[in-house]
Amino acid sequence: MVDTVISGGKVVTPNDTFEADLAIDDGTIVTVGNPSSLPDADTVYDASGNLVLPGVVDPHVHVDDMFSIDTYESATEAAALGGTTTYIDFAWQAWDGALSIWDEPGTLLEGIEHKREKAEGAVVDYGLHAAVTREDPAVFDELEDVVAAGVPSIKMFTAYEIGLGNGFMNRVFQHLAALDAVAVLHSEDGDVCDAKTAQFQAEGKGDPEWYPKSRPDYAEAMAADDAARMAMEAGCKYYGIHTSCRKSAAVLAAFRQQYGRDRLRAETCTHYTVHDDSIFEELGNLPMIAPPIRTPDDIEAMFEHLRANTLDVVSTDHCGYTEESKHTENWWDSKFGANALQTNLPVFHDEAVNRRDFSYPFLVRKLCRNPARIFGLPGKGTLDPGTDADIVVFDPTETYTIDAGDNASKADFSIYEGREVTGRVQKTFVRGELVADDGDIVGREGHGEFVARERPDWSF
């Protein structure tokens with residue numbers, strides 16, 4: 001006897017799609033096979049006509065900090081409704097500046113504890129990246145303890161007030177290489193972006209269509225080239241986040257070809273695969289994201305590099321904001337970011353599978369398996385027996401229109417508003433517990449747990 005059986009569905013793995021039932025016991029997948037081979041269960045869910053997918057693993061979200069008004073309760077509810085069962089948020093080192101959420105000095109370890117305290121009401125599981133935000137050599141003394149705390153990935157910025165200079169960043173890469181940890185890079189040349197912004201401000205170019213021109217594609221490529229080169233020379237694992245353009249993807253592809261997949265991995269985000277820069281004329285400041293949404297050719301480049309595996313992952317870069325905070329007279333006064341946890345799987349499924357004829361295993365690789373392996377989550381992103389029963393029952397045939405009124409996020413708009421998609425999440429399980437059912441949250445607050453991650457093996 002087991003706790004749960006999901007029957008009658010079509011199981012999707014990174015390599016195959018086949019009809020099978022799943023048995024779950026004590027939060028773990030115990031059997032995937034023919035109905036006749038499965039034990040009896042206390043509860044049976046009929047998944048006939050639906051796909052059975054691993055839970056989505058989103059390695060790039062912002063929750064309850066200077067980049068998001070979402071709490072862990074609202075963000076994890078949005079995640080559950082959208083089929084995301086684990087996400088990785090950011091724990092912030094204290095710094096002085098306009099963006100800072102800190103009132104006093106603090107360490108990376110204190111930042112981790114701060115986020116874990118905020119996450120007590122989480123519905124889905126979560127991990128953390130630690131973010132180095134100031135050039136303080138004291139950080140080198142705590143990196144080993146940060147990794148030991150289950151946070152083997154360190155984010156750095158090359159822009160904004162928290163951007164690091166190449167000299168200091170190079171030292172971080174050396175320390176991470178010694179720890180076999182991952183460097184996570186936001187790569188835009190801050191000097192170029194700041195200078196272009198100042199130019200447009202002086203010229204009164206406050207209409208949102210000028211925003212992408214203030215953070216040009218070459219600025220992203222320049223910073224990626226510098227950071228990846230230093231990481232490769234240091235022998236450090238490098239993960240490039242939110243790749244948005246052909247020029248930046250080409251830089252990463254060149255380093256990956258030279259140094260191998262066990263040294264460099266990268267992502268794009270769903271919005272870079274769906275929207276082009278005409279959206280600024282349509283929606284004004286709402287789609288302001290950094291790096292910016294770019295040209296139709298850049299969309300094609302994202303899919304070319306997803307197919308070629310330069311880009312291993314599709315994430316959200318979820319940032320919850322209100323529409324009011326976006327609607328400013330000039331684009332430079334607007335908040336940067338958009339919410340996407342609830343819509344990520346349906347939108348990317350519709351674009352990649354329905355409109356571009358990519359396979360369901362492709363979807364599972366980019367949204368589930370790859371991010372789990374890249375960031376040291378061996379029990380996530382898979383339906384293998386012995387792993388966590390993080391499962392999504394997904395109807396690939398239901399067509400509906402995205403409506404921000406359905407948001408569980410505190411954000412009251414969607415950059416996908418009015419988009420018709422085919423494919424809807426029916427049920428979401430986290431470690432065997434049903435947390436979302438037919439558009440309703442049924443899981444209990446606090447079910448979500450912090451997942452201490454391992455140093456990842458990138459040989460896959």
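Considering only region 160-186, state which residues are more than 22 Å from the chain's Cα centre (by Cα) and either outside the structural domain of A290 (by TED's automatic domain parsing) or among the charged types (D, E, K, R) (or both).
E161, R171
Of the residues S315, S334, S325, which single one is more than 19 Å from the chain's Cα centre (by Cα), of a type in the set (G, A, S) and buried (at least 19 other Cβ atoms within 10 Å of the Cβ)? Break it down stepwise before answering.
Working: S315 fails: more than 19 Å from the chain's Cα centre (by Cα); S325 fails: buried (at least 19 other Cβ atoms within 10 Å of the Cβ).
After applying the criteria, what remains is S334.
Please go through region 227-255 and pick out each residue that is of a type in the set (A, V, I, L, M, F, W, C), outside any helix (DSSP H, G or I) and in contact with a Phe, Trp or Tyr (Cβ under 6 Å, 6 or more places away or on another chain).
Pass one, region 227-255, residues of a type in the set (A, V, I, L, M, F, W, C): 227-228, 230-232, 234, 236, 241, 245, 249-255.
Keeping just the survivors that are outside any helix (DSSP H, G or I) gives 236, 241, 245.
C236 - this is the single residue of region 227-255 that is of a type in the set (A, V, I, L, M, F, W, C), outside any helix (DSSP H, G or I) and in contact with a Phe, Trp or Tyr (Cβ under 6 Å, 6 or more places away or on another chain).
Determine whether D58 is modelled with pLDDT of 95 or more and under 20 Å from A372 (Cα atoms). Even if it seems obvious, please write down each step before you answer.
Details: modelled with pLDDT of 95 or more: yes; under 20 Å from A372 (Cα atoms): yes.
So D58 fits the description; yes.
Residues that are under 28 Å from A181 (Cβ atoms) and either β-branched (V, I, T) or in contact with a strand residue (DSSP E or B) (Cβ under 8 Å, 6 or more places away or on another chain) (or both): list the helices (runs of 4 or more DSSP H) wholly contained in region 309-415 that include at least 3 such residues. If you could, list the steps in order and put the result at the bottom.
On the way: elements: 323-326, 344-349, 360-364, 370-374.
By residue number, 370-374.
Condition test on E209, is it surrounded by fewer than 23 Cβ atoms within 10 Å (Cβ to Cβ), of a type in the set (D, E), assigned by TED's automatic domain parsing to the domain that holds D136 and at pLDDT 95 or above? Write out each step before concluding.
On the way: surrounded by fewer than 23 Cβ atoms within 10 Å (Cβ to Cβ): yes; of a type in the set (D, E): yes; assigned by TED's automatic domain parsing to the domain that holds D136: yes; at pLDDT 95 or above: yes.
When the stated conditions are applied, E209 passes them.
Since M156 meets every condition but one in (1) over 25 Å from the mean Cα position of the chain (by Cα); (2) under 18 Å from K237 (Cα atoms); (3) not in a helix (DSSP H, G or I), which condition does it not meet?
Result: M156 fails condition (1) only.
Just one of V147, V123 is among the β-branched types (V, I, T) and assigned to a helix (DSSP H, G or I); which is it?
Numbers: V123 fails: assigned to a helix (DSSP H, G or I).
Result of the check over V147, V123: V147.
If you scan region 242-261, which residues turn out to be within 19 Å of A177 (Cβ to Cβ) and within 20 Å of the chain's Cα centre (by Cα)? Explain how you work it out, then say what you get.
Keep residues of region 242-261 that are within 19 Å of A177 (Cβ to Cβ), which gives 252, 255-256, 258-261.
If the condition is that a residue be within 19 Å of A177 (Cβ to Cβ) and within 20 Å of the chain's Cα centre (by Cα), then L252, R261 are the ones that fit.
The values are calculated or read from the model by the stated rules, or taken from the named source; none is laboratory data. Everything numeric here is computed off the predicted structure, so don't read it as measured data. Note: ideal-geometry Cβ built from the backbone for every residue, glycine included; neighbour counts use all protein chains shown.
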